[in-house]
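Step one of this worksheet: look at the structure below.
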Amino acid sequence: EAFENKHPGNDYWVRFNCPEFTSLCPITGQPDFAEIRISYIPDRRMVESKSLKYICSAFATMAIFMKIGEQDHEDLIRLMDPKYIEVTGIFTPRGGISIYPYANYGRKGTKFEQMAEFRMMNHDLK
């Protein structure tokens, strides 16, 4: 569910943290735990936080793992048509290895497309 942004002419960040995200490993079927960070610059529509909770909780029984960033950001692009969005998964280490999938999108033909390219090429969690 989305609602109208009262200030679509302004550029500002909205950030959601989903610190208790779970999904299933498609290989082992074991649960994976992560924090999902969603940051976006809205245009005319914004995502309602309750809807985002439903989206995140729906993944608990899905075997998706690394596709989480892609799936979340594609669903949110369809819902809101933001100027810019990025989704990062910060997965709890298993076997001593941490994995942080990242996906972003900037609206084509705008400064946000260039921003997406820059952030992708310079992405790091530091």
Within region 1-11, track down each residue that is open to solvent by 20 Å² or more (accessible area, probe 1.4 Å) and either at pLDDT 95 or above or out of contact with any helix residue (DSSP H, G or I) (no Cβ under 9 Å at 6 or more places or on another chain) (or both). Phe3, Glu4, Lys6, His7, Pro8, Gly9, Asn10, Asp11
Just for region 44-56: of the residues that are crowded, with 18+ Cβ neighbours inside 10 Å and in contact (Cβ under 8 Å) with a residue 40 or more places away in the chain, which one is farthest from Gly95 (Cα to Cα)? Met46
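Where residues in region 12-36 are of a type in the set (Phe, Trp, Tyr) and open to solvent by 90 Å² or more (accessible area, probe 1.4 Å), which of them is farthest from Glu48 (Cα to Cα)?
Among residues in region 12-36 that are of a type in the set (Phe, Trp, Tyr) and open to solvent by 90 Å² or more (accessible area, probe 1.4 Å), the one farthest from Glu48 (Cα to Cα) is Phe33.
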Quick check: anything in region 30-37 within 20 Å of Asn10 (Cβ to Cβ) and within 11 Å of the chain's Cα centre (by Cα)? no
For region 86-105, how many residues meet the condition of being surrounded by 12 or more Cβ atoms within 10 Å (Cβ to Cβ) and not in a loop (DSSP other than H, G, I, E, B)? 11
Could you say which residue among Lys126, Lys108 is modelled with pLDDT of 90 or more, basic (Lys, Arg), in a loop (DSSP other than H, G, I, E, B) and open to solvent by 50 Å² or more (accessible area, probe 1.4 Å)? Lys108
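The values are calculated or read from the model by the stated rules, or taken from the named source; none is laboratory data. Here the structure is a predicted model, which is why all the values come from computation and not from measurement. For neighbour counting, all protein chains shown are included, and Cβ atoms are generated from backbone atoms with ideal geometry for every residue, glycine included. Remember, those area values only see protein heavy atoms, side chains included, never the ligands or the DNA or RNA. Shrake-Rupley method; radii C 1.70, N 1.55, O 1.52, S 1.80 Å.
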